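Contents: one structure, followed by commentary.
The values are calculated or read from the model by the stated rules, or taken from the named source; none is laboratory data. Values in this document were obtained by computation on a predicted structure and should not be read as measured data. Neighbour counts run over all protein chains shown; Cβ positions are idealised from the backbone, glycine included. SASA here: full protein model, heavy atoms, side chains in, ligands and nucleic acids out. Shrake-Rupley method; radii C 1.70, N 1.55, O 1.52, S 1.80 Å.
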Amino acid sequence: MGRRSPLRRPALIAAGLAAIVVAGAAVVWVSSPDPSDIQARVKALTQARGIPLLGESDVPPLLADAVIATEDERFYSHHGIDSIGLGRAILYDVTNLCLCQGGSTITAQLAKDVYLGGSDGGYNKVKDMALALKIERVLTKRQILADYLSEITTGYGHYGVTQAACVYFRAPLGSLTLAQYALLAGVTQAPSVYDPTVNPDAARQRRSQVLAQMVSDHYITAAQADQANTEAVVAQGPGC
């Protein structure tokens, strides 16, 4: 009787684990909702909150650049899951013994808000990723971004960037400055912390971080960022 290879047992274990992962992924995929109704859901959500639903062409390019640079720099190249960002987040959390970084994409955040009641903890995190992959198959990138910016929390009791533009700057969304778009992009990550009407110093610091990231990603120049950093964090414009 021949001697067993020392690599055979680990190989069998690895194959077994892979089969379990594949089977689990299949179950999650089948059991997660069909996102073909996502536009109807987002519309209902915005109507219930009394805020506008943005179309693909309604998102100002500078705002799109600021949000993508800040929240999901590979937004245009991934298919719902950013494997690089997710791997980096997992490594950071393991190293620091915390659940500090989620690695969520803009698509996954939209899925979480629309289908999972705003929670992506535990099993919902897995469903969130499956939903993100599905949503990317039915919506364009521009529509995903528009839907996300339509419904995202932007401060205490404020939802959507259109409402935030009126509250913080008394101006229509399409007429804001670079500094104001950067502030909107920054406030969405932690609205209770960065709401400029509540904590202007934190909002200013966050805006500066967004502008720095936009420079790093070559959306704007350092000179543009320096100029934007001189603006007040809230302003009284002509009205919405």
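Figures for the structure shown
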{"item": "Selection status of Tyr159, open to solvent by 60 Å² or more (accessible area, probe 1.4 Å), closer than 25 Å to Thr107 by Cα and touching a residue at least 40 places away in the same chain (Cβ under 8 Å)", "result": "yes"}
{"item": "Residue match in the range 16-35 (condition: under 29 Å from Ala182 (Cβ atoms), at pLDDT 55 or above and surrounded by fewer than 16 Cβ atoms within 10 Å (Cβ to Cβ))", "result": "no"}
{"item": "Given (1) at pLDDT 90 or above; (2) under 13 Å from the mean Cα position of the chain (by Cα); (3) under 21 Å from Ala40 (Cα atoms), index of the condition Glu136 fails", "result": "(2)"}
{"item": "Matching residues, the range 139-168, being of a type outside the set (Ser, Thr, Tyr), under 14 Å from the mean Cα position of the chain (by Cα) and not in a helix (DSSP H, G or I)", "result": "Ile152, Gly160"}
{"item": "Residue among Tyr76, Tyr92, Tyr123 that is within 25 Å of Ala212 (Cα to Cα) and at pLDDT below 70", "result": "Tyr92"}
{"item": "Flag if Gln189 is in a loop (DSSP other than H, G, I, E, B) and open to solvent by 10 Å² or more (accessible area, probe 1.4 Å)", "result": "yes"}
{"item": "Residue among Met129, Met214 that alone is surrounded by 15 or more Cβ atoms within 10 Å (Cβ to Cβ) and under 27 Å from Val114 (Cα atoms)", "result": "Met129"}
{"item": "Selection status of Ile38, modelled with pLDDT of 95 or more, within 30 Å of Val215 (Cβ to Cβ) and of a type outside the set (Ser, Thr, Tyr)", "result": "no"}
{"item": "Condition met for Asp201 (outside any loop (DSSP other than H, G, I, E, B), out of contact with any helix residue (DSSP H, G or I) (no Cβ under 9 Å at 6 or more places or on another chain) and of a type in the set (Asp, Glu))", "result": "yes"}
{"item": "Residues of the range 209-240 satisfying the condition of being among the small types (Gly, Ala, Ser) and either part of a loop (DSSP other than H, G, I, E, B) or under 13 Å from Ala69 (Cα atoms) (or both)", "result": "Ala212, Ser216, Ala232, Ala235, Gly237, Gly239"}
{"item": "Among (1) closer than 18 Å to Pro60 by Cα; (2) in contact (Cβ under 8 Å) with a residue 24 or more places away in the chain; (3) touching a strand residue (DSSP E or B) at 6+ places or on another chain (Cβ under 9 Å); (4) open to solvent by less than 10 Å² (accessible area, probe 1.4 Å) - the single one Asp195 does not satisfy", "result": "(1)"}
